[in-house]
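The values are calculated or read from the model by the stated rules, or taken from the named source; none is laboratory data. If you're wondering where the values come from, they're calculated on a predicted model, not measured in any experiment. Ideal geometry is used to build each Cβ from the backbone, glycine not excepted, and the neighbour counts take in all protein chains shown.
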Amino acid sequence: MAAMVAPFLWMGLSAFKTQRELGASPPVWIPTEWTLRNFRELLGLMDVPQAFFNSSLVAVFVTVCNLLFCSMLGYALAKLNFIGRRPVFAVVLGALMVPGNLLLLPQFVMMSKLGLLDTYAALILPFAAGAFGVFLMRQFMMAIPDELLEAARIDGAREWFIFWRIVLPLVKPALATLAIFVFLGSWNNFLWPLVATNDPDHYTLPVALATFATDPTKADGSNGVLMAGAFLVVLPVLLVFVVLQRHFTQGIATAGLK
């Protein structure tokens, strides 16, 4: 546990250290002089608000799309009888075995042919739904008693009403779990935004920070500034996890129950 927390703690504390304390030997864990200079320099050298907005926009849209589409398909695979249900589920399981990097070239070609490169759509559409989310939602929804849904149908409820008003409230832990995984993956996604965007105005925060870090005219010797940037990248993920932690823990604990 300490080995996992220590690097994040060091990064967070280093963002508020002076250059003298960053280079001190032996290392100084807790700053004696707390300063916001690193954040001010970062804001002066890099368009942090725009990059933060881009990351937030993409992560929120990708998360919302996954919650909607994955839960809809998961409900269909778990509770609806239709021709081809088993083959569709087999395709979902097969997609789980495909490495994400293998899809990089097909996604790039598809976005290029659609004329969507260097747009927000290129950052959102390829990740609007995922096999893991479909599988997770399907497994949770399998635990919902069929008798409950049949009673709703006998009372005249349509499938959309059943899905929206009965099923989704029962799978809130699964939705919270999926939201954390998807938001984390989208926020930290680096390779695809790097490939799909050339305009700095569309850079997400990890890409903008990496570009800044590799620019010797800006980041040379600015370890404190880089720590401040890394702190800003990690902070939203920690906040999302803290807010949804209870549902996330409940979702993991009940993932294998029926």
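Residue by residue, here is whether (1) in contact with a Leu (Cβ under 9 Å, 6 or more places away or on another chain); (2) in contact (Cβ under 8 Å) with a residue 60 or more places away in the chain holds:
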| site | (1), (2) |
| --- | --- |
| PRO31 | yes, no |
| ASN38 | yes, yes |
| LEU45 | no, yes |
| VAL48 | yes, yes |
| PHE52 | yes, yes |
| VAL58 | yes, yes |
### Query
Got at least one residue in region 39-47 being modelled with pLDDT under 75 and part of a loop (DSSP other than H, G, I, E, B)?
no
### Query
Say we look at region 1-38 and pick out the residues that are part of a helix (DSSP H, G or I) and of a type in the set (Gly, Ala, Ser); which of these is nearest to the chain's Cα centre (by Cα)?
GLY12
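Considering only residues that are small (Gly, Ala, Ser) and free of Cβ contacts under 8 Å to residues at least 60 places away in the same chain, look in region 73-102 and name the one that is nearest to SER186 (Cα to Cα).
Initial filter on region 73-102 (small (Gly, Ala, Ser)): 74, 76, 78, 84, 90, 94-95, 100.
With free of Cβ contacts under 8 Å to residues at least 60 places away in the same chain added as a condition, the list becomes 76, 84, 90, 94-95, 100.
Working: ALA76: 25, GLY84: 31, ALA90: 25, GLY94: 22, ALA95: 18, GLY100: 13 Å.
My answer is GLY100.
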### Message
Based on this model, can you work out whether MET46 counts as among the hydrophobic types (A, V, I, L, M, F, W, C) and more than 27 Å from ARG138 (Cα to Cα)?
### Response
yes
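Restricting attention to helices (runs of 4 or more DSSP H) lying wholly within region 64-148, give those where 2 or more residues are in contact with a helix residue (DSSP H, G or I) (Cβ under 9 Å, 6 or more places away or on another chain) and within 22 Å of THR177 (Cβ to Cβ). Write out each step before concluding.
Working: elements: 85-96, 104-113, 120-124, 131-141.
Output list reads 85-96, 131-141.
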### Query
Give me the pairs: first residue in region 167-180 and free of Cβ contacts under 8 Å to residues at least 40 places away in the same chain, second residue outside any helix (DSSP H, G or I) and hydrophobic (A, V, I, L, M, F, W, C), beta-carbon distance under 7 Å, and six or more apart or on different chains, which are they?
LEU170/ILE144
### Task
Working only within region 149-167, note down all residues that are surrounded by fewer than 18 Cβ atoms within 10 Å (Cβ to Cβ), in a helix (DSSP H, G or I) and either at positive phi or not charged (D, E, K, R) (or both).
ALA151, ALA152, ILE154, TRP160, PHE161, TRP164, ILE166
### Message
Considering only region 11-27, I want to know if a residue exists there that is loosely packed, with under 12 Cβ neighbours inside 10 Å and modelled with pLDDT of 75 or more.
### Response
no
### Task
Identify all residues within region 105-141 that are over 17 Å from LEU184 (Cα atoms) and either charged (D, E, K, R) or in contact with a Phe, Trp or Tyr (Cβ under 6 Å, 6 or more places away or on another chain) (or both); write none if there are none.
LYS113, ASP118, ARG138, MET141
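May I ask you to say which residue of PHE135, PHE127, PHE140 is closer than 24 Å to VAL91 by Cβ, of a type in the set (A, V, I, L, M, F, W, C), in contact (Cβ under 8 Å) with a residue 24 or more places away in the chain and surrounded by fewer than 21 Cβ atoms within 10 Å (Cβ to Cβ)?
Details: PHE127 fails: surrounded by fewer than 21 Cβ atoms within 10 Å (Cβ to Cβ); PHE140 fails: surrounded by fewer than 21 Cβ atoms within 10 Å (Cβ to Cβ).
Just a single option satisfies the conditions, and that option is PHE135.
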